1. If a residue has to be under 19 Å from residue 50 (Cα atoms), touching a helix residue (DSSP H, G or I) at 6+ places or on another chain (Cβ under 8 Å) and surrounded by fewer than 20 Cβ atoms within 10 Å (Cβ to Cβ) to count, how many in region 71-97 make the cut?
2. Among the residues of region 340-391, which ones are outside any helix (DSSP H, G or I), in contact with a helix residue (DSSP H, G or I) (Cβ under 7 Å, 6 or more places away or on another chain) and without any contact (Cβ under 8 Å) to a residue 60 or more places away in the chain?
3. Criterion first (at pLDDT below 90, under 17 Å from residue 100 (Cβ atoms) and surrounded by fewer than 24 Cβ atoms within 10 Å (Cβ to Cβ)) does residue 245 satisfy it?
4. Here are some residues: 403, 399, 378, 369. Which one is out of contact with any strand residue (DSSP E or B) (no Cβ under 8 Å at 6 or more places or on another chain) and surrounded by 17 or more Cβ atoms within 10 Å (Cβ to Cβ)?
5. Kindly indicate which of 320, 336 is crowded, with 24+ Cβ neighbours inside 10 Å, closer than 29 Å to residue 270 by Cβ and at pLDDT below 95.
6. Which one of 263, 280, 227, 232 is touching a helix residue (DSSP H, G or I) at 6+ places or on another chain (Cβ under 8 Å) and farther than 20 Å from residue 347 by Cα?
7. Residues in region 327-336 that are under 28 Å from residue 230 (Cα atoms) and touching a helix residue (DSSP H, G or I) at 6+ places or on another chain (Cβ under 6 Å): how many?
8. Between residues in region 266-281 that are without any contact (Cβ under 8 Å) to a residue 24 or more places away in the chain and residues that are surrounded by fewer than 24 Cβ atoms within 10 Å (Cβ to Cβ) and not in a helix (DSSP H, G or I), which pairs lie under 7 Å by C-beta distance while being six or more apart or on different chains?
């Protein structure tokens with residue numbers, strides 16, 4: 001049954017990836033054929049998705065990683081069902097696809113983590129597994145398997161579960177974790193082939209002078225990544241009363257901002273940012289020097305709307321653009337190297353998970369020779385990010401899901417005789 005659950009996670013991740021690619025392609029064709037529609041599709045689409053999220057599955061909003069982390073700390077099955085369940089997982093998939101169809105700057109990897117955790121937890125409920133630690137290991141395994149299958153990065157899936165999800169290593173859960181990652185990854189590889197997410201690169205640091213790229217990308221990436229996290233958390237707190245009182249007006253205004261950034265970037269900030277990052281890495285025409293700034297803003301606005309969707313892919317795309325913008329400062333360093341280090345620096349600045357940042361970028365570009373510079377860049381970025389944002393982003397976003405809902409007040413007794 002456990003193997004079956006891991007297989008289902010892998011199949012779901014593959015189907016989710018196809019659906020998201022379809023949604024991005026359809027939106028691109030709409031905007032190309034009817035450019036004026038861009039001013040209406042995104043804001044109205046975000047409003048409708050936001051309303052559907054609030055009504056059908058409030059716990060499906062945002063990335064999904066905070067919900068999965070919260071599930072690890074909720075021992076009661078009823079409390080866990082508030083943040084992970086098959087109903088929430090289905091809503092997450094459908095609403096994230098609709099978000100990409102609307103042009104929001106979101107990713108599918110965080111949602112895939114949420115879906116994987118929900119599937120494995122549902123397996124534990126169905127099988128009546130007796131031990132709490134086994135339920136916890138199932139949530140961890142499902143999360144890691146979801147990330148591994150989404151990116152085809154099995155090592156990063158394991159590192160992510162240990163570093164970001166559990167914040168510790170438990171020997172008794174390691175076998176469950178690795179088995180789920182292997183099975184889900186095998187399913188994804190069997191259906192999609194043994195692909196590399198961004199393709200193989202020849203990034204390298206040819207001499208000692210080239211190592212200046214490490215502190216440059218680490219400091220700059222950590223600064224802008226930490227700034228993103230701080231702005232996201234601060235804006236979320238300040239906008240919470242308005243989101244409760246006027247959710248439609250707020251979602252529409254943020255949707256207009258997302259559309260404005262997309263128009264300024266000639267459509268480059270729509271969707272996950274995968275195509276823009278891949279184009280930079282393979283040396284094709286890039287999205288322009290303003291791309292990382294506009295993608296930064298579009299991702300922030302998209303997340304604040306509350307629609308389901310993650311920030312992994314948008315963060316990697318922003319980091320790629322940041323690295324490309326920094327490349328002229330070090331002309332002797334290969335452009336691909338600056339882009340790869342920029343991705344690791346900015347991603348780590350956002351998440352403050354340096355091991356995950358270094359390993360996930362390494363596996364995405366299939367370049368193990370660059371692992372030491374990637375690690376150095378990531379740890380520098382984490383240090384800079386913590387100066388700006390003293391609490392890791394996902395840990396801060398987890399707190400609302402751990403709060404117990406307020407009890408419904410009992411009706412007043414009738415005074416009639």
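The values are calculated or read from the model by the stated rules, or taken from the named source; none is laboratory data. Note that the coordinates shown come from a computational prediction; the quantities given were computed from them, not determined experimentally. So basically every Cβ, Gly included, is an ideal-geometry build from the backbone, and we count neighbours across all protein chains shown.
1. 1
2. Residues satisfying the conditions do not exist here.
3. no
4. 378
5. On inspection, the qualifying residue turns out to be 320.
6. 263
7. 1
8. Hits for this filter: 279/285; 279/286.
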